[in-house]
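Data block below; observations after.
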Amino acid sequence: MGPNTIDWQHNPSPRQGPVLEQLGERGQQASSICPKFTVITVVLNDLKELIRTISSVDQQSGVSYEHLIVDGGSTDGTLEWLNEHSHQHRQLHLFPEQGIYEAMNRAVSQSRGEWLHFLNAGDTYSEKSSLERVSRHCCGDRDLIYTDVYRELAGRVSLWKQKPPFFWGIYRNICHQGIFYRRPILPTPAFETHYRVGADFDNLLRLQMEHPQLTIHYHPEALVHWKTGGFSLKHASEALKERKASLISRINSPTLRCLNMINLFRQKLKLRLLGWDRVR
């Protein structure tokens with residue numbers, strides 16, 4: 001293992017049906033050989049940003065992958081564009097009038113890859129070799145790999161250095177665009193759908209609580225360009241409330257729970273200082 005990678009273990013104390021639609025003749029003749037990665041993108045009426053994401057995924061080389069796009073019922077021409085631009089690695093799943101986490105669960109249930117990656121519409125890979133670079137670390141008993149990301153906010157791009165999800169009793173969120181999951185480690189359903197914006201945090205916390213020997217690998221290279229500023233900012237305050245509910249429901253230790261409530265309070269104060277709690 002090189003000096004720029006970190007491995008550590010956290011130790012603090014069915015498919016849902018057939019593919020609804022699959023694009024193009026090449027896409028319909030899916031290979032029986034499972035790909036290394038499944039890239040999952042959920043979209044609703046965001047064709048311009050989806051095209052950016054698709055272009056980035058289509059340029060990936062050096063490793064096998066499939067790209068599952070789950071559309072929530074777009075009316076902006078997304079479906080027509082996808083039908084006109086089929087690709088051998090790309091599949092479309094229609095899942096109208098459902099929430100984002102229901103859509104993500106549907107994609108997980110349909111995935112064939114050894115490793116899963118969630119890439120929102122508008123997010124892109126920073127390199128044509130991003131997946132190939134991650135694949136070099138998909139070895140041994142590793143269950144989850146996370147990398148740094150480039151974050152775009154209000155037109156400015158900065159490097160987002162990820163922190164360990166568990167540190168001195170504090171459970172912290174990781175930008176999910178930088179997380180690659182070994183598929184068998186994900187529960188069923190992967191994301192709790194009663195959360196509207198915080199199910200990704202709950203998923204990570206659940207994995208750590210239910211798998212004390214979970215092996216997490218950190219690779220400090222920014223391989224994803226994360227575009228934020230919309231939904232995530234508008235609902236930042238709600239996300240903290242849902243994190244609180246998740247922490248209370250999953251942490252049994254009074255000491256750990258107290259530590260995490262204090263940390264959550266610090267995050268809430270920071271949110272107010274930045275003014276994100278007033279974004280509408």
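Data for the structure
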read-out: Calculated from backbone phi, Karplus (6.51, -1.76, 1.60) coupling profile of the stretch 140-153 in Hz, x at Gly/Pro; value: x, 9, 5, 9, 8, 10, 10, 10, 6, 9, 8, 10, 9, 9
read-out: The stretch 29-126 - charge dipole about Cα centre, Lys and Arg +1 at Cβ, Asp and Glu -1, debye rounded to 20; value: 320
read-out: HN-Hα J in Hz across the stretch 66-75 - Karplus 6.51, -1.76, 1.60, θ = phi - 60°, x for Gly and Pro; value: 10, 10, 9, 10, 10, 9, x, x, 5, 10
read-out: Proxy reagent accessibility, fewest Cβ within 10 Å first, across D141, D76, D71; value: D141, D76, D71
read-out: Ranked by how many other beta carbons lie within 10 Å on average, peptides 174-183, 128-137 from highest; value: 174-183, 128-137
read-out: Listed peptides 157-166, 248-257, 201-210 by packing density, highest first (mean Cβ within 10 Å); value: 201-210, 157-166, 248-257
read-out: Length gained when the stretch K128-E84 is fully extended (0.36 nm per residue, less Cα-Cα span); value: 13.5 nm
read-out: Contour minus Cα-Cα distance for T255 and K48 (0.36 nm per residue); value: 69.8 nm
read-out: At most 16 other Cβ within 10 Å, DSSP loop - GluC sites (Glu not before Pro), the stretch 39-101; value: E97
read-out: Gain in span if fully extended, R136 to S109, counting 0.36 nm per residue against the direct Cα distance; value: 7.2 nm
read-out: Point-to-point label distance, F167-H211, nm (Cα→Cβ direction, 7 Å offset); value: 2.2
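Bear in mind these aren't lab numbers, they're just calculated from the coordinates by the rules spelled out. Keep in mind that this is a model prediction, so the values were computed, not measured. Here Cβ is always computed from backbone atoms with ideal geometry, including for glycine, and neighbour counts include all displayed protein chains.
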